[in-house]
Amino acid sequence: MKSAFLKNISFNAVNLAASVCLIASAPLCAAVAPYARFEDGMLSRTRPAGWLAEVCRLQAEGLGGHPEALSYPYDTCLWNGKIPRMGKHGQDWWRYEQTAYYTDGLLRLGYATGNDAFVAKAVAGIDYTLANVSSEGYLGHPSLWDSKSYKLKKGYDMWPLAVFFRAMKAKYDAAPDERIPAALRRNFMNYKSGYISRVRNVVNVEGLLWTYSKTGDRKMLELAEEAWRVRKPRPPEKKNELAPVNCASDEAIHMHGVSYCEEMKVPVLLAAYTGKKEYLDQAVNVERKLVRDHMLPDGCPTSAERTLGNSVHLCHETCDVADYTWSLGYFLETTGEGSYADKIERCVFNAGFGAIGDDFRTLQYFSNLNQFIATSDSDHNPQNYGTTWMQYRPTHETECCAGNVTRIVPNYVSRMWLKDAKGCPVAALYGPSVADYGWATITEETRYPFDGKIVFRFSMKEPKASAFTYRVPGWCKSGASVKVNGESVAPAAPGKFAAIERTFKDGDVIELDFPMDVRFEKVPPRFVVNNKDLKRGIKRPADRFADASQGTVVCRGPLLFAYPIPSERTVDDVEHANMNGKKSGNSEFKCWNLRPAGAFNYALAAHKAEVVGDFSAGDGFFRNPGAVRLRVPVRRIEWNLAENRFTPDIPEKTVVLDGAEETIELVPYGSTMLRLGVFPDLSKQTFLGTVPKGG
Ligand SMILES: [Zn+2]
């Protein structure tokens, strides 16, 4: 038997020096992005299995397959016709942005699960759009254009098309449709670079570069580079867009969170298509600053709706989970750096599922690490304070998140399996699935992220020399093991990809094992960017924890673990004024008021945990999550709801109540609705009350 050998690949782009080496290397994937390490496009050849298939099923039976439950504008013709405006609600372009999110999620879920009805419904919108262009070739629904000038109306003019492009790309990836790049090319030829550079128009660089790759028209590449080059940031106090200058600086960026997450992909895509070091440096730097200044422990940056710093009391908008992880996918593909895959997993498994209600029938607009209450008046964010936005409900005042939430899981599946420069398999994000590479079918048997054991089984007709690239997650600092047909090989370093090169044959087995130790991660000190936007009466003493941790989160593998607070659940059928008369069009999809029906005022008494339950049997975020539990010691502290209706901030001083040490059980954060996710840490606080035993 040929012995397997392992080739470590120095894909390190953690620091800029390393990225210089990366970008100086020769073009690899000549067909698509010539300087990218990996390529996507495997979605229609990937089938989720196990817990992931169950989540896809719940999405299809829940919000994903029931647009009527989401209400307006999802209960319209979508992009397959003219979407009517609902009174004066929202801005004129919203309905096209929102339904473009939904069309993308619907199409990708259809491809991932073989649901032909979903595919057909989404493709009908693409066909309509391709068949209804202006004489000049403007693409997008005619209602977005001024009827006389045929110019797009004021606002984020080209933005809805940037969203819809992703659905068109998904269709092309599944089966090339040459009408798509031809129509995009004709459309983009109408625009000058200065116009493309404006606000979120610039996200169209994603479509411009893709069109360049499919048509070979260098004008597309030139427009993309020029749009980024001429882009100017606004004055610092009004900054609401990324530009080369602030991507290159060390200055914190304070802007609309979704825009940050969307626009950060522009320089990394330019790097992938041009190989220019300056673009990659900007991209790595701007993502680094987002993590440094705004990241929450559940893997998603704050956005409520601006990036307001890293206070664990601030929330993120659910759109950010979809947009941040989609952009990170391009960072992953371009650099081949494992840390970006780690970040996608952490964001989806925790922030993503944590914002989705049980049975995938509700979602939050804003979600938080600590959620002691979720009712129609419990939103504690500066934005829309005291309203429905933190409630689990199928309909929301602003509808973007309801469309975007349907992209989270399909986008994850889209990036699970990639190709390297030679078209060889890359297992980029982990989860139970089957991938068809044509010459081989690879079955990934695992309960990851609930368990660290992963088995890949190869099925093929003819032996073939190939590489197989896998990664060791960054959290697996030691003990990773890799076996090829039972024979151990040296594993990649933590956070790195590595390739196994051999002649693969039918029945080959690769086994990975990543020991999952329980980790107590200290949350970084609070950082507040700008207090001007903290308004509407919320009391938030800025910087008071400037030198201290904001508490501790409990992790195992890529998962956070949280205490599921017992809740009292009642249907909320009140017609709230801010909902503009919108109601779910499906009576089986309820709006919920969740109030705490048990204690939540716990602080960790020690950094120790007992693993209980059967981790190998954990079957998901929605079904039987209690199979996976961590038992931790806690003490009750003085910590109450604010004004009897808001989740309180982490207490400034920890006052320990009388009473014995208790033990509570934590479950995967993503499976919880009311939760305690960030624990005050007794050992780090000042005690004004009883000092616990041994404390
Ligand atoms: Zn949103």
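The values are calculated or read from the model by the stated rules, or taken from the named source; none is laboratory data. In this text, all values refer to a predicted model and were calculated from it rather than measured experimentally. Cβ coordinates were reconstructed from backbone atoms using ideal geometry, including for glycine residues, and neighbour counts include every protein chain displayed. In case anyone asks, the SASA skips ligands and DNA or RNA and just uses the protein heavy atoms, side chains included. Shrake-Rupley method; radii C 1.70, N 1.55, O 1.52, S 1.80 Å.
Observations on the model:
- Under Karplus coefficients 6.51, -1.76 and 1.60, residue-wise ³J(HN,Hα) of the stretch 649-657 in Hz, glycine/proline x: 5, 4, x, 5, 10, 8, 9, 7, 7
- Helical content of the chain, expressed as a calculated mean residue ellipticity at 222 nm, amounts to -8500 deg cm²/dmol (DSSP H runs of 4 or more residues, -39,500 (n - 2.57) each, divided by residue number, nearest 500).
- Set Lys121/Lys343; Lys214/Lys265; Lys265/Lys582 screened for pairs whose C-alpha atoms are more than 27 Å apart: Lys121/Lys343; Lys265/Lys582
- The length gained by stretching the chain between Tyr385 and Glu136 to full extension, at 0.36 nm per residue less their Cα-Cα distance, is 85.1 nm.
- Among beta bridges from DSSP that stay inside the chain, the antiparallel ones total about 95%.
- Within the accessible surface of the chain, defined with a 1.4 Å probe on protein heavy atoms only, the carbon and sulfur portion equals 50 percent.
- Relative contact order of the stretch 302-427, pairs being alpha-carbon contacts under 8 Å that are 6 or more residues apart, as %: 24 percent
- For the chain, a simple Cβ point-charge model (Lys and Arg +1, Asp and Glu -1, everything else neutral) yields a dipole of about 1220 debye relative to the Cα centre.
- Candidate aspartates and glutamates for bridging to Lys82, where Cα separation is under 19 Å - those fewer than 8 sequence places away on the same chain excluded: Glu68, Asp92, Glu97, Asp104, Asp127, Asp146, Asp157, Glu399
- Between the beta carbons of Ala642 and Arg292, assuming R0 = 25 Å, the FRET efficiency works out to 0.30 to the nearest 0.05.
- The stretch 266-335: trypsin sites (Lys or Arg not before Pro) in DSSP coil with no more than 15 other Cβ atoms inside 10 Å: Lys276
- Highest average packing first - 267-275, 62-70, Cβ atoms within 10 Å: 267-275, 62-70
- Amide H contacts of Thr469: Val426, Ala427, Ile500, each under 5 Å away and 5 or more positions distant or on a separate chain (H built 1.01 Å from N in the peptide plane; Pro and chain starts excluded).
- Å² per residue, accessible surface of the chain at 1.4 Å: 35 Å²
- Listed values for the stretch 301-307 are Karplus-derived 3J(HN,Hα) couplings in whole Hz (6.51 cos²θ - 1.76 cosθ + 1.60, θ = phi - 60°), namely x, 5, 6, 9, 8, 9, 6, and x replaces Gly and Pro.
- As a length-normalised measure over Cα pairs under 8 Å and 6 or more apart, the relative contact order of the chain settles at 15 percent.
- Reachable aspartates and glutamates from Lys461, criterion Cα separation under 15 angstrom, eight or more residues apart if same chain: Asp436, Asp506, Asp508
- Loop-located trypsin sites (Lys or Arg not before Pro) in the stretch 449-492 (DSSP state other than H, G, I, E, B) with a sparse environment of at most 15 neighbouring Cβ atoms within 10 Å: Lys461, Lys477.
- Reach of Lys522 by Cα under 20 Å, taken over aspartates and glutamates that are not fewer than 8 positions away in the same chain: Asp293, Asp298, Asp342, Glu345, Asp543, Asp547, Glu610, Asp649, Glu652, Glu665, Asp681
- Residue-wise HN-Hα couplings along the stretch 274-284, as the Karplus relation 6.51 cos²θ - 1.76 cosθ + 1.60 with θ = phi - 60° gives them from phi, are 10, x, 7, 4, 4, 5, 5, 4, 4, 5, 4 Hz; Gly and Pro carry x.
- Restricting the stretch 623-685 to trypsin sites (Lys or Arg not before Pro) in coil, as DSSP defines it, with at most 14 other Cβ within 10 Å: Lys653
- Amide proton proximity set for Tyr437, modelled H, under 5 Å, gap of 5+: Ile442
- Between amide H atoms placed 1.01 Å from N, distances below 5 Å from Phe504 occur with Lys464, Ala465, Ser466, all of them 5 or more places distant or on a separate chain.
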